[in-house]
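First up is the structure itself, then whatever we jot down about it.
The values are calculated or read from the model by the stated rules, or taken from the named source; none is laboratory data. Here the structure is a predicted model, which means the values were calculated and not measured. Don't worry about glycine lacking a Cβ; one is built from the backbone with ideal geometry, like all the others, and counts go over all protein chains shown. Note: accessible area is taken over every heavy atom of the protein model, side chains too, but ligands, DNA and RNA are not part of it. Shrake-Rupley method; radii C 1.70, N 1.55, O 1.52, S 1.80 Å.
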Amino acid sequence: MSDAVPNPQTESETLLDPVPSPVANLDASALEWHPLLSLVAGYAISRVGREAIESLTPSTDQRWIENQHRLVAELRALFDSGASIPLGGLFDPTQLAAKSRIPEAALEAAELQSVARLANDIAAWQSLLRNPPAAVNAASGSIAGLVEMLTASPALAQSVAPLTEQINRKLMPDGSLADDASPELSRIRHEQQRQQRVIEESLRSALRRLSSDNQTQDDLITIRGDRFVIPVKAEQKRRVSGVVHGASSSGQTVYVEPLETIEQNNELVRLLEEEQAEIHRIFVALTRLVSTHAEALVAGARVLALVDTLQARARFSIAYDCVRPIFSAELFRLESARHPLLQKRLRTSGGAIVPVTLQLESTARQLIISGPNTGGKTVTLKTTALCALMAQSGIPVPAAAATMPVFSAFLADIGDAQSIEQALSTFSAHIVNLDRLSCLAGPTSLIFLDELGSATDPDEGSALAVAVAAYFLASGAWTLISTHHTSLKVYAANTPGVLNAAAGVDEVTLVPNYQLRLGVPGASAGIQTAERLGLNAAIVSAARERMGTQQADIARFLENLHTQLKDLEAERKAARAEQYALNTERARLAREGDIETKKRTRELEQKLSSLLKDFEFQMRQTVAAIEDRAGQLKLSKESERRIQRLRRDFEQQFNSTVVAHRSGADQNDPHAQPHIIGHVSVGDNVRIKSMNKVGTIVREVEKDLFEVALGALKMRIRRDDIAEVLSSTAVKAASSETPLHAASRQKGVRVTVTSEASENMRSEINLIGRTVDEATGELEKYLDQAFLAGLPRVRIIHGTGMGILRRGVREYLRTHPHVASLQEPTQQEGGAGATVVELRQ
């Protein structure tokens with residue numbers, strides 16, 4: 001059963017260093033290692049790369065393994081960045097390098113061209129890796145490892161690009177030398193062309209002369225043995241002076257070199273010999289140039305050979321969705337692992353592979369896998385083995401995640417080991433192989449035993465299987481065993497360090513689903529499997545009758561156990577769904593909380609804005625009272641007291657608003673906003689804060705929005721713009737007093753300022769002699785009075801002068817809320833010295 005990895009003397013071995021510390025014992029055939037390597041090698045570009053991959057063997061050197069995976073990841077990052085991989089000219093230049101060092105040796109044209117292609121690839125890689133794409137640096141940190149390999153050798157310190165340029169400049173694509181390969185070759189070829197023209201002219205002259213005598217066969221010039229000749233009829237050859245250089249296949253035509261062209265042909269032959277000598281000299285010179293770069297070519301080819309194996313592994317990892325493994329001496333875990341050969345076959349047939357997840361730990365190193373035939377037990381063993389082998393060979397693992405120790409041996413007893421040549425039965429061959437495995441097993445061994453204890457008496461085979469499993473457990477080896485023996489399932493359930501696993505099967509249809517369930521044994525279901533595969537019904541029925549009571553009880557127990565596990569899995573899924581729903585609800589409540597917080601923040605902002613308006617209204621009243629020059633002295637102390645009182649009121653109102661907001665009180669609650677009028681009805685007379693005027697509530701447009709009549713003017717105000725609801729007496733007093741008068745009566749203040757009756761309101765105002773600021777101040781008061789008096793039109797006298805006052809007044813009027821329009825009056829009414837204003841009604 002032992003099948004060590006072959007180590008043939010291949011071309012790639014002359015380039016790549018051997019794998020350090022290779023695994024000493026590897027049952028490659030049983031674990032399908034070589035077919036896997038052939039699959040990966042198919043992604044290589046060169047024959048050197050393919051042979052290198054096919055000769056890969058897993059290593060026990062963890063540093064080398066991790067470095068290989070790092071380099072594969074860097075090559076994958078190069079692919080992701082869109083960089084091209086120049087490897088089309090890769091070959092092993094070792095023999096050509098040795099030949100180029102022989103004195104006066106000359107490489108063939110094809111050999112020189114292959115050297116040029118290789119040198120071009122080496123130069124391209126040097127350039128790419130010294131200036132990697134930005135995406136590669138971001139993805140993998142650096143590609144310093146490859147750069148170091150391309151620069152560490154002293155031979156690679158010099159560029160091989162000039163070698164490519166020299167060869168490509170002198171050699172044509174068909175392998176011939178270019179005319180300008182050297183000055184001497186150019187001269188010789190020009191001489192040849194001139195000499196050929198002389199010969200052709202001489203021969204044409206002879207042809208014309210002979211054709212007049214009807215002595216030539218054809219009117220053409222041909223070449224025989226590097227000499228120009230003419231065809232002559234055989235019977236006429238004696239009539240032509242010259243040298244015969246052969247005859248046609250029919251014998252009717254001979255080829256004659258006339259005497260007058262013999263010397264000319266001799267000169268041409270001499271030039272041809274000179275050309276060959278110069279060509280040889282050029283090839284020798286190019287070969288010497290190759291010899292000066294021989295070490296760099298070999299060193300560069302070694303790096304490119306490695307790069308080809310790395311890029312092949314990177315392409316494979318992309319195609320099969322592989323991951324970089326993690327190495328740990330305490331854990332062996334594969335998550336959603338796939339058998340790459342099976343995956344390739346299923347892709348071709350349109351099927352889907354079922355991934356395998358398993359886990360062993362340093363305290364539980366043995367896994368007993370049971371279940372029905374065709375349930376995937378053997379595939380699980382081989383998938384696990386291939387993943388571990390690939391990981392230790394620097395090949396990414398086809399799994400979602402992989403963590404494993406570094407194993408020193410991969411031992412297997414899988415399949416029919418019968419040997420006719422050695423006169424061994426199937427059972428005997430298994431025993432021989434198990435004996436070999438028992439001698440090699442150790443704490444760093446990974447062992448795979450398929451159908452342990454089969455091919456003999458069931459009772460004896462069962463006892464033998466338990467003993468073998470116990471032996472490998474005692475040796476500390478990591479072991480995966482597939483079986484149908486119930487005793488092994490019981491052994492796994494009762495032995496510390498051993499785990500059960502069941503190959504999946506649908507409990508209803510008994511069709512395998514190839515899913516591995518850890519922690520429980522599986523039912524073999526041999527009779528059910530036979531029935532599913534179409535065995536005669538009478539045979540199946542007889543088998544069930546013959547099945548012992550104990551086996552039937554065990555089968556029912558396992559069936560009940562799997563049913564309970566299925567129910568637990570359903571409950572776990574329901575719990576996960578419920579947890580998801582709870583998380584969704586929690587997120588929804590959090591979003592609603594954010595919305596409510598923002599809403600209350602906006603409400604608080606509105607409440608604070610209303611407080612500021614109220615405070616502004618109270619301050620305007622106080623300032624207006626203070627501005628009355630007649631009562632300034634009387635009001636000085638009273639004003640100070642009013643300001644202190646207003647400050648206290650504002651603080652109390654602000655604090656109550658904040659407290660109400662925090663407690664969630666309604667914004668219309670008078671306790672939440674004591675500065676806002678609580679009850680307003682249609683017909684109430686109210687004082688408006690923003691205008692400090694009294695109006696009548698006409699109707700409530702909507703909540704907290706009212707339509708108010710100010711004389712002939714109607715406007716809309718919000719509840720927080722109402723300073724107070726006035727009684728009828730207060731309204732009469734307000735109509736006969738200015739706001740200053742009304743304000744001055746509060747808190748014992750006795751300042752009276754009477755306003756002019758509306759019928760005595762003048763329809764014009766004279767602002768001549770005022771500054772723009774003085775004029776606009778007076779104009780504001782005048783327009784308010786005229787608007788309240790109901791005047792439809794007023795005239796503003798500002799004079800002409802330099803036009804400054806006129807421009808200032810008119811600009812002010814254009815933005816005033818009481819002004820509907822303005823125009824310049826006629827010359828009789830003042831012309832440019834006045835402005836007529838139409839007031840809003």
Checklist entry - Simple spin-label model, 7 Å along Cα-to-Cβ: Thr597 to Ser248 in nm? => result 10.7
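What does the charge count around Pro20 come to, taking other residues whose C-beta lies under 13 Å from its C-beta (Lys +1, Arg +1, Asp -1, Glu -1)?
On the way: positive: Arg63; negative: Asp17, Asp61, Glu66.
Counting the neighbours of Pro20, the net charge comes to -2.
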Checklist entry - What order do Arg209, Arg365, Arg302 take when sorted by accessible area (1.4 Å probe), most exposed first? => result Arg209, Arg302, Arg365
Next on the checklist: Quick check: pseudo-label points 7 Å beyond the Cα along Cα→Cβ at Asp784 and Gln823, how many nm apart are they?
Outcome noted: 3.0
Next on the checklist: Could you put Val115, Val432 in order of accessible surface area, largest first, with the 1.4 Å probe and the full protein assembly present?
Outcome noted: Val432, Val115
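Say the cut-off is 23 Å between C-alpha atoms; which of Lys607/Lys703; Lys613/Lys703; Lys489/Lys573 go over it? Before the final figure, lay out each step's value.
Working: Lys607/Lys703 16 Å; Lys613/Lys703 19 Å; Lys489/Lys573 28 Å.
Listed pairs above 23 Å: Lys489/Lys573.
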Next on the checklist: Just to make sure I understand: if all protein chains stay in place, what is the order of Ser370, Ser690 by accessible area at 1.4 Å, largest first?
Outcome noted: Ser690, Ser370
Next on the checklist: Whole percent per 10 Å bin, from 0 to the bin with the longest distance: what is P(r) over all C-alpha pairs of the range 229-310?
Outcome noted: 15, 21, 16, 13, 11, 14, 8, 1
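Between Rg and the Kirkwood Rh of the range 294-351, both from Cα atoms, what is the Rg to Rh ratio?
Working: Rg = 17.1 Å, Rh = 14.6 Å.
When Rh is taken as the Kirkwood radius, the ratio is 1.18.
Hey, what does the equivalent ellipsoid look like for the range 263-318, semi-axes from the Cα gyration tensor as sqrt of 5 times each eigenvalue, largest first, whole Å?
Numbers: eigenvalues 447, 44, 3 Å².
Semi-axis lengths for the range 263-318 are 47, 15, 4 Å.
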Next on the checklist: Please list, in order, the residues from the range 785-812 whose amide nitrogen is less than 13 Å from a point placed 7 Å along the Cα→Cβ vector of Glu838.
Outcome noted: 792-794
